[in-house]
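Notes for the one structure printed next.
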Amino acid sequence: MKKTVQRWLAILLAAALLCGGMMTANAAYVDDSAAFRISCTVNGDTASARGFCWYTKTDVPTAIRIFDAGTDVTDTLTLDGVTAKPWNGYYMHRLTVNGLAAGTAYTYEITGDGGKTVTGSFRTDDGDDKVSFIGIADVQASSLENFQKGVRTAEAALAMNPEADFVANLGDFTNDSTNEEWDYYAEAFDGFDSGITLAPISGNHDGLGVWHWFENMFCLDTSESVQNLNGVNYSYDYGNAHFAVLNTNDALSVSLSQLRWLYNDMRSTDKDWKIVFMHKSPYTLGKDGKWPDALYLKETLTRVCELTGVDLVMSGHDHQYLRTKSLRNNRVVEDGKGVTYVLSGTAGSKRYEVRDFMLGHFLTLDKLAALTVQKGGENDLGIPHQCYLEDGTLDHYDPNRIGGVFNNITIDGGTLTLKSYVIKDLEEGETEDVITEIDSFTLTKETGKNTVSYTGKNKTSGVQYALGLVPSVMVLAVYTLGNWFPRFLCMLPKLLVTVVTKDVF
């Protein structure tokens with residue numbers, strides 16, 4: 001209902017602007033003839049292909065020029081999808097580029113109506129056994145000011161990891177996925193997104209109730225996506241790692257079709273490292289961990305990850321940083337042969353407290369290796385927010401941990417290292433960035449051991465998806481009634497006490 005009202009208000013405002021010739025705060029992105037909402041994304045073979053998406057206000061040719069060391073090589077490449085399409089009052093330009101050389105740093109130019117040129121850059125995979133990437137999540141802003149806080153976090157990550165091959169944005173790019181918010185996002189992030197390859201993941205604010213927005217903001221390989229209405233699932237290789245991107249808006253969590261796709265996808269690669277990106281998290285102490293979809297992921301998706309040898313799962317959604325120990329069958333394993341789950345923290349300014357009423361019902365502290373709540377101050381009753389986990393307790397506080405979180409991940413042969421940081425919020429009068437490492441861990445493994453065990457087609461037809469949708473909803477309902485609901489009832493007394501005494505739900 002809220003979004004419907006907002007859309008009607010947006011329509012009325014647009015009409016008023018057209019009639020009155022008024023200017024809005026984001027006029028530079030509405031009225032400027034240059035390209036905006038620019039992204040360069042993984043799309044197919046990361047050594048030879050990329051996807052590009054941008055918008056213009058007017059219907060101009062979809063034209064891009066690619067340069068290798070200053071030489072225009074566009075004519076040597078294959079460009080597909082060069083016709084602009086109208087979308088929500090603007091024109092969407094989306095194309096794929098194939099034929100790029102491996103291990104090459106490219107620049108590109110997009111020239112819009114009026115001769116204004118926007119430039120960007122990216123680097124293709126060189127095929128060795130090294131890869132480095134950045135993980136951020138949940139910018140989820142509505143105002144330009146808060147988008148600028150989010151890009152400050154992203155820029156800090158890139159400054160610390162300038163050789164990063166790509167950025168995994170784990171979802172919730174905006175709060176309501178409106179033209180106004182995406183224009184603000186563009187104003188803040190275009191300079192960042194156009195300078196590196198992006199691996200976008202759909203969040204609930206990018207897909208639920210805002211059909212096709214995520215698909216139309218980025219140029220992704222949708223050939224194996226089980227559906228594109230509220231997000232996209234896809235996979236790609238980079239270095240000696242295989243990455244699968246899930247859409248956790250699918251059947252309110254993940255459909256059986258998408259679980260089957262992940263099972264087949266992870267068995268179709270012999271890459272040394274297997275990593276899953278998704279928005280919702282199966283392990284969390286944030287406000288969304290008490291709902292059925294999180295428990296459903298913990299009971300179903302984790303099994304697929306374990307069966308297929310996934311090493312690391314990174315997610316967003318619950319705006320705090322959390323890392324589990326190595327888990328198998330929802331239990332800690334000391335041999336390191338389980339799966340590590342990282343809730344990546346929020347790059348934005350909306351942050352969640354710990355919901356300690358969930359402890360013992362949906363998660364136990366013995367499974368956690370690290371936790372940081374990026375929120376300071378006190379709540380309405382003067383009770384300090386829990387800040388981070390140390391020695392098994394949650395009552396530590398560090399003002400330098402109050403800010404946006406970013407994650408830098410490097411893989412070098414058989415070693416994967418993840419380091420997570422907070423860039424402290426600037427107080428009035430402060431100008432110098434304070435960056436604090438909040439977590440660091442390393443996984444090691446013997447390389448060359450993974451083998452391909454699935455070679456079939458990994459596609460789901462529209463009919464297959466439709467036939468599987470009812471069973472997907474039924475399975476989620478069974479988990480909700482048989483597993484989640486009894487836990488929720490047991491938790492309810494403590495939840496109510498927390499609501500009354502701490503004003504936290």
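Points worth noting:
- Members of region 48-59 that are more than 12 Å from Met92 (Cβ to Cβ) and in a loop (DSSP other than H, G, I, E, B): Ser48, Thr58
- Ala159 vs. criteria within 25 Å of Ala105 (Cβ to Cβ) and surrounded by fewer than 24 Cβ atoms within 10 Å (Cβ to Cβ): yes
- Among residues of region 388-406 that are assigned by TED's automatic domain parsing to the domain that holds Lys424, those with a beta-carbon under 7 Å from a residue that is part of a strand (DSSP E or B) and small (Gly, Ala, Ser) at least six positions away or on a different chain give the pairs Leu389/Ala370; Val405/Ser344; Val405/Ser420.
- Applying the set (1) surrounded by fewer than 23 Cβ atoms within 10 Å (Cβ to Cβ); (2) under 23 Å from Phe277 (Cα atoms) to Tyr388 leaves exactly one unmet item: (2).
- Qualifying positions in region 417-448 - modelled with pLDDT under 95 and either polar (S, T, N, Q) or part of a strand (DSSP E or B) (or both): Thr431
- Scan region 149-181 for residues that are in a loop (DSSP other than H, G, I, E, B) and either modelled with pLDDT under 95 or not hydrophobic (A, V, I, L, M, F, W, C) (or both) and the total you get is 10.
- Boolean, Glu334 is of a type outside the set (Val, Ile, Thr), over 20 Å from Thr174 (Cβ atoms) and at pLDDT below 95: yes
- Summed over region 212-231, residues that are within 15 Å of Met92 (Cβ to Cβ) and part of a loop (DSSP other than H, G, I, E, B) total 6.
- Test: Leu252 is in contact (Cβ under 8 Å) with a residue 60 or more places away in the chain and either in contact with a Pro (Cβ under 6 Å, 6 or more places away or on another chain) or surrounded by fewer than 23 Cβ atoms within 10 Å (Cβ to Cβ) (or both): yes
- Within region 232-271, the residues that satisfy the criterion of being closer than 18 Å to Val470 by Cα and small (Gly, Ala, Ser) are Ala251, Ser253, Ser255, Ser257.
- Checked against (1) surrounded by 14 or more Cβ atoms within 10 Å (Cβ to Cβ); (2) assigned by TED's automatic domain parsing to the domain that holds Asp221; (3) in contact (Cβ under 8 Å) with a residue 40 or more places away in the chain, Asp433 meets all criteria but (1).
For (1) touching a helix residue (DSSP H, G or I) at 6+ places or on another chain (Cβ under 9 Å); (2) surrounded by fewer than 17 Cβ atoms within 10 Å (Cβ to Cβ), each residue gets a yes or a no:
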position	(1), (2)
Thr58	no, yes
Arg65	yes, yes
Thr76	no, yes
Asn98	no, yes
Phe122	no, no
Asp126	no, yes
Ser132	no, no
Ala141	yes, no
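- Residue list for region 466-501, restricted to those being polar (S, T, N, Q) and touching a helix residue (DSSP H, G or I) at 6+ places or on another chain (Cβ under 8 Å): Ser472, Thr480, Asn483, Thr498
- Any hit, region 33-53, residues being farther than 18 Å from Cys219 by Cα, of a type outside the set (Asp, Glu), surrounded by fewer than 22 Cβ atoms within 10 Å (Cβ to Cβ) and touching a Phe, Trp or Tyr at 6+ places or on another chain (Cβ under 7 Å): no
- Hey, Glu306 of a type in the set (Asp, Glu), in the same structural domain as His385 (by TED's automatic domain parsing) and within 22 Å of Gly482 (Cβ to Cβ) or not: yes
- Spans of strands (runs of 3 or more DSSP E) in region 79-142 with at least 3 residues touching a residue at least 12 places away in the same chain (Cβ under 8 Å) and over 30 Å from Thr346 (Cα atoms): 90-98, 105-111
- Hey, Gly114 at pLDDT below 95 and farther than 30 Å from Ala101 by Cβ or not: yes
- Residue in region 448-458 that is among the aromatic types (Phe, Trp, Tyr) and in the same structural domain as Leu285 (by TED's automatic domain parsing) present: no
The values are calculated or read from the model by the stated rules, or taken from the named source; none is laboratory data. Computed from a predicted structure; not experimentally measured. Please note: Cβ atoms are built from the backbone with ideal geometry, for glycine as well, and neighbour counts cover all protein chains shown.
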